Amino acid sequence: MIDTLKNKKKLVVLAGPTASGKTAAAIHLAHEFDGEIVSADSMQLYKYMDIGSAKPTKEEQAAAKHHMIDFLDPREPWSVAEYQKMAKETIADIFDRGKLPIICGGTGLYVNSILYEMNFTATPAQTDFRDKLKEAVETHGPEYVHAMLAEKDPEAAERIHPNNVKKVIRALEVIEEGDRIPEFSNSFVLCDDYECILTALTLDRPDLYDRINQRAELLMEMGLIEEVRGLLEMGLTEDDISMKGIGYKEVFGHLRGEYDMEETLELIRMNTRRYAKRQITWFKRYPGIQWFNISEYPSREAALEALTAYLRGKLS
């Protein structure tokens, strides 16, 4: 353990696209640096959603202490503000016990909430404007207001799904008040509670897409459709935010008879590849982030050795 770690309050962020191997790498780093893992994944926090979220297995969770996973009922509301509060409390506890917090995940806004001082209550809702937007949804459908968002902020529209009507409306409210959407602002002040060492994993695009395709097949084999059926029996619907994740929303379509098995699988592959591309774009905007392209190393083990050596220098 590094003697000065607690005083300097350094933490490691391990980001990157889905299927890049972040979980295994974070477990390796936890062993190397006496660390504990804090998830920054917006799907893995839900209970009962183990397969589609690619949640760390019981064996992986036993191999290193994990926080912020498998605790939230998917029927309950949840926000980034709540994530930020709980994650910072968790980080403080890890520091207090003299260990290294390792933030691991691919949800950009969750990572932002740890890196930056973000005020989630700064912009009050505009009731009249919101009511007009809700009326537009009722009259023209969710795609109509999503198109409005795409015209005003294409980046936000790319990230927010058209069916996530609440988030689309909130984004339009922020724009109406003359502000940028918080997750895309460049004016945030870095959090001074600790020093963040930013790292990310990736692969050459063909290699990454191959891993994504293989993982989609594995999720199906593991019983993703049965998992979604169980969630339906619990009373969850497509309107629940927890059900809008990739894998879940496509299976809903399959269970309604819109897609056969192969079409469902291909949709999951395609949507995951698109999501991975957006994740890479998001994390490339972080100043000072150190990328490790696994495809450029002779083996995954060699890439982990390089990552470990880099962090050893930063943490010493």
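The values are calculated or read from the model by the stated rules, or taken from the named source; none is laboratory data. Just so we're clear, the structure is a prediction, and the values are computed from it rather than from any experiment. Reconstructed Cβ throughout: ideal geometry from the backbone, glycine too, with neighbour counts over all protein chains shown. The protein model used for the area step is the full one, side chains on, heavy atoms only, and it has no ligands, DNA or RNA in it. Shrake-Rupley method; radii C 1.70, N 1.55, O 1.52, S 1.80 Å.
Identify all residues within segment 228-254 that are in contact with a Lys or Arg (Cβ under 7 Å, 6 or more places away or on another chain) and either open to solvent by less than 10 Å² (accessible area, probe 1.4 Å) or assigned to a helix (DSSP H, G or I) (or both); write none if there are none.
Those that are in contact with a Lys or Arg (Cβ under 7 Å, 6 or more places away or on another chain) and either open to solvent by less than 10 Å² (accessible area, probe 1.4 Å) or assigned to a helix (DSSP H, G or I) (or both): L236, M243.
List pairs: first residue in segment 64-84 and under 12 Å from I241 (Cα atoms), second residue in a loop (DSSP other than H, G, I, E, B) and open to solvent by less than 30 Å² (accessible area, probe 1.4 Å) anywhere in the structure, Cβ distance under 8 angstrom, at least six positions apart or on different chains.
Short answer, once both residue conditions are applied: P74/M49; P74/L236; R75/L236; W78/L45.
Looking at segment 145-163, which of the residues that are modelled with pLDDT of 80 or more and not hydrophobic (A, V, I, L, M, F, W, C) is surrounded by the most Cβ atoms within 10 Å (Cβ to Cβ)?
H146
Hey, could you check segment 180-223 for residues that are within 20 Å of the chain's Cα centre (by Cα), among the aromatic types (F, W, Y) and within 21 Å of Y286 (Cβ to Cβ) and say which is modelled with the lowest pLDDT?
Among residues in segment 180-223 that are within 20 Å of the chain's Cα centre (by Cα), among the aromatic types (F, W, Y) and within 21 Å of Y286 (Cβ to Cβ), the one modelled with the lowest pLDDT is F184.
Among Y310, Y209, Y275, which is assigned to a helix (DSSP H, G or I), surrounded by fewer than 16 Cβ atoms within 10 Å (Cβ to Cβ) and of a type in the set (F, W, Y)?
On the way: Y209 fails: surrounded by fewer than 16 Cβ atoms within 10 Å (Cβ to Cβ); Y275 fails: surrounded by fewer than 16 Cβ atoms within 10 Å (Cβ to Cβ).
Unique residue meeting the criteria: Y310.
Any residue in segment 133-154 that is assigned to a helix (DSSP H, G or I) sitting within a Cβ distance under 8 Å of a residue that is among the polar types (S, T, N, Q) and at pLDDT 80 or above? List the pairs, counting only those 6 or more apart or interchain.
P142/N163
Does E117 satisfy being open to solvent by 20 Å² or more (accessible area, probe 1.4 Å) and at pLDDT 95 or above? Before you say what the answer is, go through the steps one by one.
Numbers: open to solvent by 20 Å² or more (accessible area, probe 1.4 Å): yes; at pLDDT 95 or above: no.
No.
Tally the residues that are hydrophobic (A, V, I, L, M, F, W, C) and modelled with pLDDT under 95, restricting the search to segment 1-42.
Within segment 1-42, residues that are hydrophobic (A, V, I, L, M, F, W, C) and modelled with pLDDT under 95 number 3.
Tell me which residues, restricted to segment 279-299, are loosely packed, with under 15 Cβ neighbours inside 10 Å and in a helix (DSSP H, G or I).
Across segment 279-299, the qualifying residues are T281, K284, S295, E296.
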